[in-house]
């Protein structure tokens, strides 16, 4: 069996982590200004935003920038549910049951999971 030496991709620059932290700290402002849009952050500022990710990617590529933070900014509260079906041995019913629910309060990105 032949194995190849694989290398890890280069580490993102320190600026990337600063931009990521800036986006996290400013999520409420981003939610108010860019609801339900993709935003690209570079140098601790939004350099592109659009509801279509391809538009944001095109805008950032046209500027020749690399290692930037791209985030989707959801508005409002989203509820995500996971359903599983089970069969009751005595009645052969196929009933959907919600096993877990996630509530996400986007302005603060507070996450709660209920099981």
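The values are calculated or read from the model by the stated rules, or taken from the named source; none is laboratory data. Keep in mind it's a predicted model, so treat the numbers as computed, not measured. We place every Cβ from the backbone using ideal geometry, glycine too, and count neighbours over all the protein chains shown.
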Any pair with Cβ under 6 angstrom, 6 or more apart, that starts in the range 46-64 at a residue that is more than 21 Å from residue 27 (Cα to Cα) and ends at one that is not in a helix (DSSP H, G or I): 59/48
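Every residue, every condition in (1) loosely packed, with under 13 Cβ neighbours inside 10 Å; (2) modelled with pLDDT of 95 or more; (3) part of a helix (DSSP H, G or I); (4) touching a helix residue (DSSP H, G or I) at 6+ places or on another chain (Cβ under 9 Å), yes or no:
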{"site": "1", "(1), (2), (3), (4)": "yes, no, no, no"}
{"site": "19", "(1), (2), (3), (4)": "no, yes, yes, no"}
{"site": "31", "(1), (2), (3), (4)": "no, no, yes, no"}
{"site": "35", "(1), (2), (3), (4)": "no, no, no, no"}
{"site": "40", "(1), (2), (3), (4)": "no, yes, no, yes"}
{"site": "48", "(1), (2), (3), (4)": "no, yes, no, yes"}
